[in-house]
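Just so it is clear, none of the values below were taken in a lab; they were calculated from the coordinates. Remember, predicted model here, so these are calculated numbers, not experimental data. Don't worry about glycine lacking a Cβ; one is built from the backbone with ideal geometry, like all the others, and counts go over all protein chains shown.
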Amino acid sequence: MANEIARRLVHASGATIPAAYVFVDAITWQYVQWVLIAGTALTVVLEALRLLAGLEWIVFDKLTREYEQDNLAGYALYVFGGTLVGLAFEPQVAVPAMLMLTLGDPVSGLLGSGELRTVKRWPVLLAMFVTCFALAYPFLPIHAAAIAAAAATVADGVKPVVASYVIDDNITIPIAAALAAFVVL
């Protein structure tokens, strides 16, 4: 359980990037995009070292799950999804999508921890939706916030499997939320 809480805290720490843009006037969206690109480059290097060169680092042991040992780790998909959204969408859409990943997903994850289900239980889905809606509403009109929150909830709550590989919600949450908000707007 300690590793699970540590994973969620690391997950939530990613909220500092969109929050810095929102709360610090000196930080421009272009600066955020450069930070995202740098983070992606670092992630590619770390994953290459971990998967190809066998880098064993205690952080990887503590923060990755067993099924991630020989595949791209969830943190890499998290970085890739956040970066894609940050580069492809304007801040009004990208910021709430990133917050849904960084803050909504840990809430859902803690409530549904230890359950290996294809679809999460309805109280967890409801908590995810309410959290995501609350994160999106300051940035989006109410209907766009609701649709984006619903998209993030489905991305989080339903685990699609492609060729025996479970599609990680760390990449689908921000993309689904941003696409939904963009289409509604």
field: Candidates Y31, Y165, Y78: whichever shows maximal mean-square fluctuation once the chain is modelled as a Gaussian network with Cα springs under 10 Å
entry: Y165
- prompt: Mean Kyte-Doolittle of at least 1.0 and a Cα length of 24 Å or more along the axis: which whole DSSP H helices of the chain meet both?
  reply: 29-52
- prompt: What 222 nm value per residue comes from the helices of the chain, counting each DSSP H run with n ≥ 4 as -39,500 (n - 2.57) and dividing by all residues, nearest 500 deg cm²/dmol?
  reply: -22000 deg cm²/dmol
field: Alpha carbon centroid spacing (whole Å) that separates the range 100-148 from the range 1-42
entry: 19 Å
- line: dims of the range 2-184, Cα set, principal axes, largest to smallest, nearest Å -> 46, 40, 31
field: Gain in span if fully extended, E56 to V130, counting 0.36 nm per residue against the direct Cα distance
entry: 22.8 nm
field: Within-9-Å neighbourhood charge of S108 [Cβ basis; K, R +1; D, E -1]
entry: -2
- prompt: Working out 0.36 nm times the residue gap between I142 and W29, then minus their Cα-Cα distance, what length gain in nm do you get to one decimal?
  reply: 38.3 nm
- prompt: Going 7 Å from the Cα of A20 in the Cα-to-Cβ direction, what parts of the range 141-185 have a backbone nitrogen less than 15 Å from that spot?
  reply: none
- prompt: If Lys and Arg each add +1 and Asp and Glu each add -1, what is the summed charge of the other residues whose beta carbon sits under 15 Å from the beta carbon of P18?
  reply: -3
Contour minus Cα-Cα distance for V183 and L87 (0.36 nm per residue): 32.9 nm
